[in-house]
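Enquirer: A single structure is presented below for examination.
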Amino acid sequence: MTHLNRPRPRAHFFAIFALMGAVFCLPTARPATASESGGGKLQPALSLYGDVKYKPGFDHFDYLDPKAPKGGLVRMAAIGTFDSLNPYILKGNPAGNIYLTFDTLTVQSDDEPYTLYGLLADGFQLAPDRSYVIYHLRPEAKFADGSKLTAADVVFSFNLLRQQGRPIYASYWADVSKIEALDPARVKFTLANKNNRELPMVVGSLPVLSQKWFESRKFDETSLSPILGSGPYQVGAVDPGRAITYERRPDYWGRDLAVNRGRFNFDQIRIDYYRDDTVALEALKSGALDLRIEPSSKNWAIGYESPALASGKLVKTTLPTRFPAPMQGLVYNLRRPIFADARVRAALAYCFDFEWSNQALFYNAYKRTDSYFMNSTLAAPKSLPSKAELAILTPLKGGLPPEVFSQIYAPPKSDGSGVIRDGLKQAINLLSQAGWVIKNGKLVNEAGQEFTFEILLNNPLLERIILPFTGNLERIGIRAKIRTVDPSQYQARVDKFDYDMMVGLFTQSLSPGNEQRNYWSSAAAKTDGSQNLSGLANPAIDKLVEILINSRSRKDLESASHALDRALLWSHILIPMYYIDAVRVAHWNRYGHAATLPWQGFDLEGWYLDPTKIEGK
């Protein structure tokens, strides 16, 4: 499951450069009456398979420091621009970190596979047959204007987002057949699919908006006027397209909840926008910025040399992660006829030389990705499918690549010398089987059509990585043009699937579920703004996604993810690139965080200005 509002561990797909959960002091659950529950016992937390780490009455999450001092300003950078403060619609480019102004029904703990604790809600009743779930709202929950947050607002928000919001909402909540306010403090979600174990939880990701506030305002238009929320921060100064500042609300209704203890420590969070990432890095080194998530291995290796780094005023910190590494790859748009043949897609993978790139470009910082659930038990084992996997895969055999059953997937590998003659021969052979031949130095098909395509990028830093790939393509007669556009144009083109190839990032969690529809389903392939970037539309994979979503145990989930992983890998919808199992954070030496790290390594919400450090004085 991917959290739809905050980029938490089950993170937002497009959170590449970083902007970057929740129960309060849980009271012991009060006994539920028969009329309240309809047979469902009131409980203070929801877990996918029943294990809950934090018991009623806990004080704080282990990865947060409950004594963290409040105050100060942290300045970070974003690349590009923004023209909207509405993150829930396709139109416009929303400001970074705008999620800080909204609260959701629940929050996920960052040191468990998938457990939700209440934020706006303080208890849950799940029907024994999983046909419905009732969320009980906190009586103290309020919007930033002081108005009470009620079940009517929850119903309004759910319907509004599903009907007018980004397509992921309709996909994510597709199995909710009905929502109703039982009274001002209780909301009932009727669930059409009782086997979807995640469904009672995914509705908890709902950001709640004010029905009254929207009576006189339009939702589906971009605006630089803040939307009324109930979150810990409010929008402060806005310099359209250039900077935005969030101010911590001293009257935030949830400031004393146990799940928020040690969280939201900065008085102000400022996001400055830069057109060029190199300029943003120099701004950090000069002291104009305070903290940066570093995406570039080159920058990390040699880009921070400065008097500030030498003196210890500026520090580089590597924070290990315990979550599946995202699948980053060169994504084919299967909506383009030129990529319709899987042999063509398999062939082009031989032209991406990871081993040479890692040595020559990345300072050996990365590992090769060979799974959609990398760095976890969800990744398909390096063996042929198990008996449990075959029970899933065999009924779908006619719709899956035959290699799923007979071969162990591995991306093409070179010796790192930069000479990939053998790989190019393999590519030419596959292309020949697909009807493409080299004539006069150009790869053409029987109709004389030349093999050319465009690679869409949104960051010039990627060009140095992609150029060696296009050079290798050129050696076998393929002309691939790199086109780098500004973030606004890039997002508009991605939402409309207007590209031949792009660099895509697919984040996963330790409990994948409903979000897989938005990544791989046939329906998502036809929905503008979905995350099915490749346009994959295969009924057999649709079925694998549903089997995964309906897994009844952790063991079943792992078998289903293994099966789906194999099917996706052998479908050749992208060229796997690389990953790192850590987060690289550069910051001025005036910040602190809890000794215990969250599983995703870095969480800005848990950092604070440390008054004991020299640079903080």
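Enquirer: Only one of (1) touching a Lys or Arg at 6+ places or on another chain (Cβ under 8 Å); (2) among the charged types (D, E, K, R); (3) in a helix (DSSP H, G or I) fails for Lys316. Which number is that?
Expert: So the condition that Lys316 fails would be (3).
Enquirer: Residues to consider are Ala540, Ala595; find the one that is at pLDDT 95 or above, of a type in the set (A, V, I, L, M, F, W, C) and in a loop (DSSP other than H, G, I, E, B).
Expert: Just a single option satisfies the conditions, and that option is Ala595.
Enquirer: Pull out all pairs, ordered by first then second residue, where Cβ-Cβ is under 8 Å, the residues are six or more apart or on different chains, the first lies in the stretch 273-299 and is over 23 Å from Ser357 (Cα atoms) and of a type in the set (Lys, Arg), and the second is part of a strand (DSSP E or B) and modelled with pLDDT of 95 or more.
Expert: Lys285/Leu314; Arg292/Met76; Arg292/Ala77; Arg292/Val585; Arg292/Ala586; Arg292/His587
Enquirer: Is the stretch 280-289 home to any residue that is touching a Pro at 6+ places or on another chain (Cβ under 8 Å), of a type in the set (Asp, Glu) and surrounded by fewer than 20 Cβ atoms within 10 Å (Cβ to Cβ)? Write out each step before concluding.
Expert: If we filter the stretch 280-289 for residues that are touching a Pro at 6+ places or on another chain (Cβ under 8 Å), which is where we start, we get none.
Scanning the stretch 280-289 turns up no residue that is touching a Pro at 6+ places or on another chain (Cβ under 8 Å), of a type in the set (Asp, Glu) and surrounded by fewer than 20 Cβ atoms within 10 Å (Cβ to Cβ).
Enquirer: Can you tell which of Leu330, Leu257, Leu319 is surrounded by fewer than 18 Cβ atoms within 10 Å (Cβ to Cβ) and either among the β-branched types (Val, Ile, Thr) or touching a Leu at 6+ places or on another chain (Cβ under 8 Å) (or both)? Let's see the steps before the verdict.
Expert: Working: Leu330 fails: surrounded by fewer than 18 Cβ atoms within 10 Å (Cβ to Cβ); Leu257 fails: surrounded by fewer than 18 Cβ atoms within 10 Å (Cβ to Cβ).
Sole residue among the options that is surrounded by fewer than 18 Cβ atoms within 10 Å (Cβ to Cβ) and either among the β-branched types (Val, Ile, Thr) or touching a Leu at 6+ places or on another chain (Cβ under 8 Å) (or both): Leu319.
Enquirer: Among all residue pairs at least 6 apart or on different chains, which show Cβ distances below 6 Å where the first residue, located in the stretch 55-66, is at pLDDT below 95 and the second is outside any loop (DSSP other than H, G, I, E, B) and surrounded by 13 or more Cβ atoms within 10 Å (Cβ to Cβ)?
Expert: So the pair list comes out empty.
Enquirer: Could you run through the stretch 63-104 and say how many residues are under 29 Å from Ser286 (Cβ atoms) and of a type in the set (D, E, K, R)?
Expert: So the answer is 3.
Enquirer: Quickly run through the stretch 163-195 and pick out the residues that are surrounded by 18 or more Cβ atoms within 10 Å (Cβ to Cβ), basic (Lys, Arg) and modelled with pLDDT of 95 or more.
Expert: Residues satisfying the conditions are Arg186, Lys188.
Enquirer: Kindly list the number of the only condition in (1) touching a strand residue (DSSP E or B) at 6+ places or on another chain (Cβ under 6 Å); (2) under 21 Å from Ala68 (Cβ atoms) that fails for Tyr252.
Expert: Here Tyr252 clears every test but (1).
Enquirer: Taking the stretch 261-289 on its own, how many of its residues are closer than 27 Å to Glu463 by Cα, part of a loop (DSSP other than H, G, I, E, B) and charged (D, E, K, R)?
Expert: 2
Enquirer: Further, regarding this structure: Out of curiosity, is Ala365 among the aliphatic types (A, V, I, L, M) and within 29 Å of Pro295 (Cα to Cα)?
Expert: For Ala365, the condition - among the aliphatic types (A, V, I, L, M) and within 29 Å of Pro295 (Cα to Cα) - is met.
Enquirer: I would also like to ask the following. Scan (1) within 30 Å of Leu536 (Cα to Cα); (2) of a type in the set (A, V, I, L, M); (3) at pLDDT 95 or above for the single condition Ala325 breaks and write down its number.
Expert: (3)
Enquirer: Being among the charged types (D, E, K, R) and either surrounded by 12 or more Cβ atoms within 10 Å (Cβ to Cβ) or in a loop (DSSP other than H, G, I, E, B) (or both) is the filter; apply it to the stretch 384-421 and report the residue that is farthest from the chain's Cα centre (by Cα).
Expert: Asp415
Enquirer: Another question, if that's okay. I need every pair where a residue in the stretch 504-532 that is at positive phi has its Cβ under 6 Å from the Cβ of a residue that is surrounded by fewer than 23 Cβ atoms within 10 Å (Cβ to Cβ) and outside any loop (DSSP other than H, G, I, E, B), sequence separation at least 6 or different chains.
Expert: Listed by first residue and then by second, the contacts come to Gly529/Pro167; Gly529/Asp495.
Enquirer: Can I ask one more? Please enumerate the residues belonging to the stretch 86-112 that are in a loop (DSSP other than H, G, I, E, B), in contact with a Lys or Arg (Cβ under 8 Å, 6 or more places away or on another chain) and within 20 Å of Ser47 (Cα to Cα).
Expert: Taking the stretch 86-112 first, the residues in a loop (DSSP other than H, G, I, E, B) are 86-93, 95-97, 102-103, 105, 109-112.
Now narrow it down to the ones that are in contact with a Lys or Arg (Cβ under 8 Å, 6 or more places away or on another chain): 88-90, 109-112.
Hits for the stretch 86-112 are Ser109, Asp110, Asp111, Glu112.
Enquirer: Restricting to the stretch 558-574, what's the tally of residues that are assigned to a helix (DSSP H, G or I), in contact with a Phe, Trp or Tyr (Cβ under 8 Å, 6 or more places away or on another chain) and surrounded by 22 or more Cβ atoms within 10 Å (Cβ to Cβ)?
Expert: 6
Enquirer: Can you name the number of the only condition in (1) touching a Phe, Trp or Tyr at 6+ places or on another chain (Cβ under 8 Å); (2) of a type outside the set (Phe, Trp, Tyr); (3) more than 24 Å from Asp370 (Cβ to Cβ); (4) modelled with pLDDT of 95 or more that Ser522 fails?
Expert: Every condition holds for Ser522 apart from (1).
Enquirer: Consider the stretch 113-156. How many of its residues are of a type outside the set (Lys, Arg) and outside any loop (DSSP other than H, G, I, E, B)?
Expert: Within the stretch 113-156, residues that are of a type outside the set (Lys, Arg) and outside any loop (DSSP other than H, G, I, E, B) number 22.
Enquirer: Please go through the stretch 492-516 and pick out each residue that is in a helix (DSSP H, G or I) and surrounded by fewer than 24 Cβ atoms within 10 Å (Cβ to Cβ). Full working, then the answer.
Expert: First pass over the stretch 492-516, keeping only residues in a helix (DSSP H, G or I): 492-495, 515-516.
The answer is Ala492, Arg493, Val494, Asp495.
Enquirer: Considering the stretch 364-382 alone, what residues qualify as being out of contact with any Phe, Trp or Tyr (no Cβ under 8 Å at 6 or more places or on another chain) and over 27 Å from Pro539 (Cβ atoms)?
Expert: Selection gives Asn364, Thr377, Lys382.
The values are calculated or read from the model by the stated rules, or taken from the named source; none is laboratory data. Note that this is a predicted model, so its numbers are computed, not measured. Quick reminder, even Gly has a Cβ in these numbers, built from the backbone with ideal geometry, and neighbours come from all protein chains shown.
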